[in-house]
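First comes the structure, then the notes that go with it.
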C-alpha cells in the first residue's frame, strides 16, 4: 500500500486535506470519490521516520486501548445527548489529564475540524491512534447521521479486541516465565557451577585424569560462555533485531505469516484469530453502512495476517466482477466452511452484520480454548527441558566421580 496526500472539495464546497492509503493513484481517487470528496490534488506522501526515542520503544508516546475506549464511549454519550461535536471534543480534551498524548491529539483534531475538515478526516491524520477501521466507521456515521451509534459500536469492538489480546497474554504468561527461568538457570550453571565442579574433579583426579566425554563437553560449553559471553549477547541481540526488522518488510511479513500457517498447533490459533478479526471488523463496517467493496479493503488491512490480507484483496476483485462474497469465500481453504455458510445466510436475510458477530464471538472463544491447550502442552515440556538440563549436569558430575572411585579401589 502507498500513502497519498490529497486536497479535495467536499459536498459543501469547502477544502479538505488529508492522507489515504491505497494501492495506486486510481484507487486513491476512487476511495475519495466514495467519501463524497472531489480531488483537486493527489500525490504520493513522504512517510517521515520518527527519530530514535526510548519513549517510543516503551510505548510512552502511544494512547492506550482502554483510554481510547473510554474516549469513544464518552464522546458517543455526549453526542447522543445533543452536545455539538466541537464542544464535546473540547470538553473531553480538558479532562484527559491521565493521557497527555491523547490530549495533544484531541487539540489537533479540534483545530482541523474548526478549519473545515470533517471529523473522520481530522482523525485520519493520526493513524497511530485512530486506525483505518476507526476512521472509516466515523466517516460512515457522519454520512448517515448516526455518529453516536457508530461510536458505541467502535467502543464495543475495541473492548472485544482488547479482551482477546489479554486472554492470549494471560494464557502464555506461565510458559514464558518457565522459559525465562530455564535460560537464567542455564547461564547460572554454566558460569558459576560447572567451573567449580571442573576444578574439583581436576584436583581429585590430577591433571592427567581422563574425564568422560559428557563432562568434557559441559566444561567446554561453560568455558565458552564465560570467555565469550559478550559475543553470545551481541549475536542474540543482533538476531532478534534483524528478525524483527525483516518481518516488518512486506516480503518478510508475508513469509513469516506463511510459516506460521504451516506450523503445527500454532496454525490453528493463527487461523482462528484471523477469522475472528475478519468477522468482527467486516460486520462492524457493514453495520455502519460501509459498502461491501470498501469494507473488504479496510478489513484486509486490519485482519493482521498477510496471507489473509492477500485472500481478501483477491476476494474484493472477484466481488467487483460480479461474484457473491459467499461463493468466493467458500472456495478459499483459509476460511472454515461455517464462514461461507453464515455469509450465505446473511446475504439471504440481509443480516450479514449480525450473523458475523456471532461467528466472531464463537472464534474468539475457540482462540481462548486453543491457547489454553497449547499452554498446557508447553508447561510440562518446559519442565522436561529444565529436568533434562539438570540431569545432564548431574550426569557430567557423577560419571567422573564414579570413575575416580573405581580407580581408587
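The values are calculated or read from the model by the stated rules, or taken from the named source; none is laboratory data. All values reported here derive from a predicted model rather than from experimental measurement. Neighbour counts run over all protein chains shown; Cβ positions are idealised from the backbone, glycine included.
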Requested in this report: Confirm whether residue 35 is modelled with pLDDT of 85 or more and under 31 Å from the mean Cα position of the chain (by Cα).
Outcome: no
Query raised in the report: If you go through region 229-249 one residue at a time, do you hit one that is in contact with a helix residue (DSSP H, G or I) (Cβ under 6 Å, 6 or more places away or on another chain), surrounded by 13 or more Cβ atoms within 10 Å (Cβ to Cβ), closer than 30 Å to residue 299 by Cα and without any contact (Cβ under 8 Å) to a residue 12 or more places away in the chain?
Result: yes
Query raised in the report: Which numbered condition trips up residue 269, out of (1) touching a helix residue (DSSP H, G or I) at 6+ places or on another chain (Cβ under 7 Å); (2) at pLDDT 90 or above; (3) buried (at least 16 other Cβ atoms within 10 Å of the Cβ)?
Result: (2)
Query raised in the report: Taking region 369-397, which residues are within 30 Å of residue 344 (Cβ to Cβ) and surrounded by fewer than 18 Cβ atoms within 10 Å (Cβ to Cβ)?
Result: 369
Requested in this report: Please specify each residue of region 120-139 satisfying the condition of being surrounded by fewer than 21 Cβ atoms within 10 Å (Cβ to Cβ) and in a helix (DSSP H, G or I).
Outcome: 132
Query raised in the report: With 329, 377, 317 as the choices, which residue is in contact (Cβ under 8 Å) with a residue 40 or more places away in the chain, assigned to a helix (DSSP H, G or I) and either touching a helix residue (DSSP H, G or I) at 6+ places or on another chain (Cβ under 7 Å) or farther than 14 Å from residue 272 by Cα (or both)?
Result: 377
**Report entry** Test result for residue 307, out of contact with any strand residue (DSSP E or B) (no Cβ under 8 Å at 6 or more places or on another chain), buried (at least 23 other Cβ atoms within 10 Å of the Cβ) and over 20 Å from residue 155 (Cα atoms)
**Finding:** no
Query raised in the report: Residues of region 74-115 being surrounded by 14 or more Cβ atoms within 10 Å (Cβ to Cβ) and outside any helix (DSSP H, G or I), which ones?
Result: 83, 96, 99
Query raised in the report: Being assigned by TED's automatic domain parsing to the domain that holds residue 362, part of a helix (DSSP H, G or I) and over 30 Å from residue 318 (Cα atoms), is that true of even one residue in region 206-213?
Result: yes
Report task. Report, by residue number, each residue of region 131-145 that is free of Cβ contacts under 8 Å to residues at least 60 places away in the same chain and over 17 Å from residue 11 (Cβ atoms). Result -> 134, 135
**Report entry** Some residue of region 157-166 being under 18 Å from residue 393 (Cβ atoms) and either at pLDDT below 85 or assigned to a helix (DSSP H, G or I) (or both)
**Finding:** no
Query raised in the report: When you look at residue 293, is it on the phi > 0 side of the Ramachandran plot and modelled with pLDDT under 90, yes or no?
Result: no
Query raised in the report: Does residue 392 qualify as being closer than 30 Å to residue 154 by Cβ, part of a helix (DSSP H, G or I) and in the same structural domain as residue 303 (by TED's automatic domain parsing)?
Result: no
